[in-house]
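Beneath this line is the structure, given in structure tokens, with notes to follow.
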Amino acid sequence: MVAGIENNNSSNTSTYAGLGSLLILPTWLVIGFFLVLPVLMMLVYSFLTKEFRGGVIWEFSLAAYDQFFFDRGLFGDEPPKIEWTYIIIFWRSIWLAAVATFLCLLVGFPTAWFIATRSGPNKSLWLFLITIPYWVNLLIRTISMKFLIRDTGPLNEWLLAAGVIPEPIHMINTNFAVQLGLFYSYLPFMVLPIYAAVERYNFAYSEAAADLYAGRWATLRKIILPIVKPGIIAGCILVFVPSLGAFLAPDLLGGAKNFMIGSLIEEQFKGNAGNWPFGAAAAMILLSMVLIVLTFYARQQMKQGKR
């Protein structure tokens, strides 16, 4: 029977031999048209010159990148000084995305562990509940969060009614609101990869550790975490990258004082009066940072694979 299966596999392989490039062609076309081409267009626009009345002039320059990093005065004739405004926005985006990733990991790991250790029907039910929020558009969910945490919203009313607080807590237009929005938006992105890693975990390792008198924390730190580490890293990337470029949560929950890099880029492309080259340059800087993070992760995985 084994020989029959091997013969069947070899026949299937020979049937599709030489068709690999043709079978993957639709995928390459989709990636090229919807990913590579827009990125190349953004790259070209980042080197163009802004027209005074809006739009662009097809004259190539580094003015957009210079504007991001340096301040040359109102008329551009002063000695360059470091433009801290955009750098601070960039740093705030990294900080908020990192904190959102940490919070998602803090909640997502125990949640994924709980779901993975349930029985069959219960496991499916919990996975179903995790995906329910994604049945609703992100914009609607973010607006709902805004109404929930506003000064006269249900959350403050419940806390006031319970006597927990003497007056409403101001949460809208704060970093806390942005953090809450990012956490709520991307938590499933952390839970699902970790769940997939935990589900493949062999619990005999934990039993062996217990037989050797290892405590729960020692087992978690030295056995469980190293084994499920790929799922944790994948979840962190899936949360950190979209959080870094998010603009709905900062716009609707954070206000003008809590701008993130995604909000800055979005503002540059609103209407004809926007600064398209500057927005494209900011987007390319953000993309470069994401690629650096992903490249570092890929190299680490390659090194571990060689070991």
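Any read-out appearing in this document is the output of simple, stated calculations on the displayed coordinates, not a laboratory observation. These numbers come from a predicted model, not from an experiment. Cβ atoms come from the backbone with ideal geometry, glycine included; neighbour counts cover every protein chain shown.
Multiply the residue separation of residue 290 and residue 58 by 0.36 nm, subtract the distance between their alpha-carbon atoms, and state the gained length in nm to one decimal. Please report the intermediate quantities before stating the final value.
On the way: separation 232, 0.36 × 232 = 83.52 nm, distance 2.80 nm.
Fully extending the segment from residue 290 to residue 58 adds 80.7 nm.
Give me the one-decimal nm value for the distance between modelled label points at residue 169 and residue 122, 7 Å along each residue's Cα-to-Cβ direction.
A separation of 3.1 nm, rounded to one decimal place.
Can you put 240, 176 in order, fewest other beta carbons within 10 Å first?
Fewest-to-most Cβ neighbours within 10 Å comes out as 176, 240.
When you count, for each residue, the other Cβ atoms within 10 Å and take the mean per peptide, how do 60-71, 127-138, 186-197 rank with the highest first? Present the calculation step by step, with values, prior to reporting the outcome.
On the way: 60-71: 16.2, 127-138: 11.7, 186-197: 23.2.
Highest mean packing first, the order is 186-197, 60-71, 127-138.
Taking the number of other C-beta atoms within 10 Å as the exposure measure, put 93, 144 in order starting with the fewest. Before the final figure, lay out each step's value.
Working: 93 24, 144 12.
Ascending number of Cβ neighbours within 10 Å: 144, 93.
Treating only the Cβ of Lys, Arg, Asp and Glu as charged (+1, +1, -1, -1), what charge dipole size does the chain show about its Cα centre? Round to the nearest 20 debye.
Working: 21 positive and 17 negative charges, 179 e Å.
Result for the chain is approximately 860 debye, rounded to the nearest 20.
Using only Cα atoms, locate the centre of the range 132-176 and the centre of the range 258-296, then give the distance between them in Å, rounded to an integer.
29 Å
How charged is the neighbourhood of residue 111? Take every other residue with its Cβ under 15 Å from the Cβ of residue 111, and add Lys/Arg as +1 and Asp/Glu as -1.
On the way: positive: 118, 123; negative: 199.
It works out to a net charge of +1.
How would you rank 111, 49, going from fewest to most other Cβ atoms within 10 Å of each one's own Cβ?
Values: 111 19, 49 14.
Arranged by neighbour count, lowest to highest, 111, 49 become 49, 111.
Calculated FRET efficiency, residue 132 and residue 158, Cβ-Cβ r, R0 22 Å, to nearest 0.05? Intermediate results must be reported in sequence, preceding the final value.
Working: r = 22 Å, r/R0 = 1.01.
E between residue 132 and residue 158, to the nearest 0.05, is 0.50.
Near residue 81, which aspartates and glutamates are there with a Cα under 16 Å away, not counting those fewer than 8 places off in the same chain?
In chain and number order, the partners are 66, 71.
Pull out the extension gain between residue 176 and residue 83, defined as 0.36 nm times the separation in residues minus the alpha carbon to alpha carbon distance; nm, one decimal.
30.9 nm
How about residue 303: which lysines have a C-alpha closer than 28 Å to its C-alpha, ignoring those fewer than 8 places off in the same chain?
222, 229
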